[in-house]
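Structure first, commentary second.
The values are calculated or read from the model by the stated rules, or taken from the named source; none is laboratory data. Everything numeric here is computed off the predicted structure, so don't read it as measured data. Backbone-built Cβ (ideal geometry, glycine too); neighbour counts: all protein chains shown. Accessible surface areas use protein heavy atoms only, side chains included; no ligands, DNA or RNA. Shrake-Rupley method; radii C 1.70, N 1.55, O 1.52, S 1.80 Å.
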Amino acid sequence: MKVILTYGTFDLFHVGHVRLLERLSKLGDKLIVGLSSDEFNKGKGKSSFFSYEERAEILSSCKFVDLVIPEHTWEQKAADIKKYNVDVFAMGDDWEGRFDSLKSLCDVVYLPRTKSISTSEIKTLIAELKKNDLDKVQKSLNDAIEIIKKLNYSE
Ligand code: C2G
C-alpha cells in the first residue's frame, strides 16, 4: 500500500486542485490530504471563503481523495508521515524546495501547478463583477434622479 500525503487550503475547490489531486492519486494507492484549519489559514495570511468543515466535506467528496486530516501547524508533517506510513509527500511546485527536509522520511515530489487558475484569482474576479454590477446600479439610480429632477422642474 503506497501512501501519498499532501496539504493545502483547497478553498473554492477548482480544477487546479482537482488536477493536482488526480495526479497525486496516480502516484500510489492511498491519498491523504492535510486540510488547513481556519486558524492555520490565519497564520498563512489567508481567510477562506468556506469553513474547514465545508472544505473537508467538498474534499472528501473528491474521488481521488481517500482521507482528509486537519492541518494545524507547519511542523506536523513529519509526525503525519510517520503516523500514516507515508511513502511520498507531494505539493504543487509553488512550494518547490520548501519541504526538502522531509526527504529523510519519505520521497518528496513537487508537481507543476495548473496555470491560470487560483482561489485568489477567483475571489478577485468575483469582487470585480460585484463592483461592475454596483456601478451599473449606481448609474441607473443617478439617471433616475436626473429624470425626477427634470419632471419636478417642468411642473
Ligand atoms: N495548486 C495547483 N494548481 C493551482 C492551484 C493550486 O496545483 N492552480 C496546488 C498547490 O500547489 C497546492 C495545492 O493545490 O499544492 C493546494 O493549494 P492551496 O489550497 O493554495 O494550498 P496552500 O495555501 O498552498 O497550502 O503546509 C502546506 C500548505 O498548507 C499549502
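Contact order normalised by length for the chain, with contacts defined as Cα pairs under 8 Å and 6 or more residues apart; what percent is it?
On the way: 195 pairs, mean separation 39.4, N = 155.
Across the chain, relative contact order equals 25 percent.
Given q = 0.17 Å⁻¹, what are the Debye log10 I(q)/I(0) values for the chain, with equal point scatterers placed on the Cα positions and solvent ignored?
Relative scattering, expressed as log10 I(q)/I(0), comes to -0.99.
Add -39500 (n - 2.57) for each DSSP H run of 4 or more in the chain, then divide by its residues: what number comes out at 222 nm, to the nearest 500 deg cm²/dmol?
Details: 5 runs with 69 residues, N = 155.
One gets -14500 deg cm²/dmol as the mean residue ellipticity at 222 nm.
Taking all protein chains together and a probe of 1.4 Å, list SER51, SER60, SER36, SER101 from the most accessible to the least accessible.
Numbers: SER51 35, SER60 70, SER36 0, SER101 95 Å².
Correct descending sequence by accessible area is SER101, SER60, SER51, SER36.
Given a 1.4 Å probe and every protein chain left where it sits, what share in percent of the accessible area of the chain is carbon and sulfur? Could you put the intermediate results ahead of the total?
Details: 5550 of 9700 Å².
With neighbouring chains kept in place, the figure for the chain is 57 percent.
Write out the trypsin sites (Lys or Arg not before Pro) in region 9-71 meeting two conditions: DSSP loop, and at most 14 other Cβ atoms within 10 Å of their Cβ.
Values: sites: ARG19, ARG23, LYS26, LYS30, LYS42, LYS44, LYS46, ARG55, LYS63; in loops: LYS26, LYS44, LYS46, LYS63.
Qualifying residues, ordered by number: LYS26, LYS44, LYS46, LYS63.
As a test question: what accessible area, to the nearest 10 Å², does ASP87 have when a 1.4 Å probe is rolled over all protein chains in place?
Estimated to the nearest 10 Å², ASP87 gives 60 Å².
Under a 10 Å cutoff between Cα atoms, tell me which one of LEU20, LEU141, LEU105 has the largest fluctuation in the Gaussian network model of the chain.
The residue that fluctuates most here is LEU141.
Please compute the per residue accessible area over region 72-155 with all protein chains in place, 1.4 Å probe, rounded to a whole number of Å².
Heavy-atom accessible area per residue stands at 75 Å².
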